[in-house]
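Working notes, beginning with the structure itself.
The values are calculated or read from the model by the stated rules, or taken from the named source; none is laboratory data. Since this is a predicted model, take the numbers as computed values, not measurements. Cβ placement follows ideal geometry from the backbone for every residue including glycine, while neighbour counts extend to all protein chains displayed.
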Amino acid sequence: MKLVYFPNPILLKKAVPITVFDDALRARVAEMEPLLELEKGIGLAAPQVGWGVRLLLARPDGDPSKSVALVNPEIVRKKGSEWGEEGCLSFPGIWGNVLRSTWIKVKAQDTFGQPMEFEAEDLFARVLQHEIDHLDGVIYVTKMTPADQAVNRRKLEDLKAKFAQVQPTSG
Ligand SMILES: [Zn+2]
């Protein structure tokens, strides 16, 4: 399992719900966890490792010792809004301000299919909104302020060029 980088097309696709909660699912989630650790991330969505399912890992309060796996997460309520700076493991070096709700209520399942519901605020709410966007094929760079988009334009072009280089050529 490896991280995928922009502009890998899987990052722009809507992920499919998980319907089977078996050992194979939990084994793949266990494979994702070290990636979050290694990359010092606070959130990681399955499409970012090339897996097109509705699953994410996140660290409440950025605590490196624990991560939660959310399956089929949904935001059912939200309040407030605030701009804040975001980065993404799939967009190395690209940072910008995105408007997010400051409080959300989330419904999800665990990796055994058990339903859960909880509230999140501030940074954890931001992380979850960013990761749930990934499950809908929505990338944060499209939500940045025009000024931040302009600042990052060159770096995005560089990522595209790098991606084109690593694709196998035909013929
Ligand atoms: Zn991201």
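Those strands (runs of 3 or more DSSP E) of the range 90-160 in which at least 1 residues are closer than 30 Å to ASP23 by Cα, touching a strand residue (DSSP E or B) at 6+ places or on another chain (Cβ under 8 Å) and away from the ligand (no atom under 13 Å from the Cβ), considering only elements entirely within it, cover 103-109, 115-121. Residues in the range 58-69 that are in contact (Cβ under 8 Å) with a residue 40 or more places away in the chain and either touching a Ser or Thr at 6+ places or on another chain (Cβ under 7 Å) or surrounded by 14 or more Cβ atoms within 10 Å (Cβ to Cβ) (or both): ALA58, ARG59, PRO60, ALA69. Taking the criterion of being buried (at least 19 other Cβ atoms within 10 Å of the Cβ), at pLDDT 95 or above, closer than 25 Å to VAL49 by Cα and not charged (D, E, K, R), the residues of the range 89-110 that qualify are SER90, PHE91, ILE94, GLY96, VAL98, VAL106, ALA108, GLN109.
No other residue among LEU12, LEU56, LEU35, LEU3 is closer than 21 Å to LYS107 by Cβ, under 14 Å from the mean Cα position of the chain (by Cα) and within 16 Å of the ligand (Cβ to nearest atom) apart from LEU56.
Yes/no matrix, rows are residues, columns are (1) under 16 Å from the mean Cα position of the chain (by Cα); (2) over 19 Å from ARG28 (Cα atoms):
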{"position": "GLN48", "(1), (2)": "yes, no"}
{"position": "LYS66", "(1), (2)": "no, no"}
{"position": "ARG77", "(1), (2)": "no, yes"}
{"position": "GLU86", "(1), (2)": "yes, yes"}
{"position": "GLY96", "(1), (2)": "yes, yes"}
